[in-house]
Amino acid sequence: MRKMSPLRCSRWLTFAGMKTVALLLGFCLILDALGAQPMPAEVKQVMGKYACTTCHAPQVRLIGPSWQQLARRNYTPKQLAVLMRKPRPENWPDYPPMQPIPTFTNADAKIIADWLKQIQN
Ligand code: HEC
């Protein structure tokens, strides 16, 4: 009897542990399926201002490439600012040209570039 109980206890612990891991995994999978890491508020604000999300989604191609794909280009805030004001459609040959956003500010470019670095993998 004395031998049994620590064993049973550790089984319980393992079981509980596995449940936690499974729950966490499930949660991550759901987040992944939704395509997010939730977007920080300042990023949302920039996106809202220029309606970027009409054409760009986290993981799938819409009118433009996904954020994930864009993140792989590793643009600095400066490069991003220039590209937003004067897009270079030749960088994305199988997409329609992006409309220039002449009012895109350097501060906005930094917010988006920093965020793209974070979601990169
Ligand atoms: C009307 C649709 C549309 C909107 C709105 C839009 N984009 Fe795009 N974007 C595209 C398309 C299409 C491309 C690919 C062709 C191109 O670069 O011209 C693109 C390309 C890009 C690129 C890659 C540029 C390059 O040369 O590699 C970045 C970065 C980008 N968009 C970010 C943004 C951000 C940030 C916003 C909001 C401020 C935004 N886009 C708004 C359609 C859009």
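Each value in this text was obtained by applying a stated rule to the coordinates, not by laboratory testing. Note that the structure is a prediction, hence the values are computed from the model and not measured. Cβ coordinates were reconstructed from backbone atoms using ideal geometry, including for glycine residues, and neighbour counts include every protein chain displayed.
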Within region 80-109, considering residues that are free of Cβ contacts under 8 Å to residues at least 24 places away in the same chain and assigned to a helix (DSSP H, G or I), the one farthest from V43 (Cα to Cα) = E90
Leading residue by the ranking (nearest to I112 (Cα to Cα)) among those in region 41-64 that are part of a loop (DSSP other than H, G, I, E, B) and near the ligand (Cβ under 6 Å from one of its atoms) | A51
Any chance region 71-84 includes a residue that's near the ligand (Cβ under 10 Å from one of its atoms) and within 14 Å of M39 (Cβ to Cβ)?
-> yes
Kindly establish whether T54 is of a type outside the set (D, E, K, R), surrounded by fewer than 16 Cβ atoms within 10 Å (Cβ to Cβ) and out of contact with any helix residue (DSSP H, G or I) (no Cβ under 9 Å at 6 or more places or on another chain).
-> yes
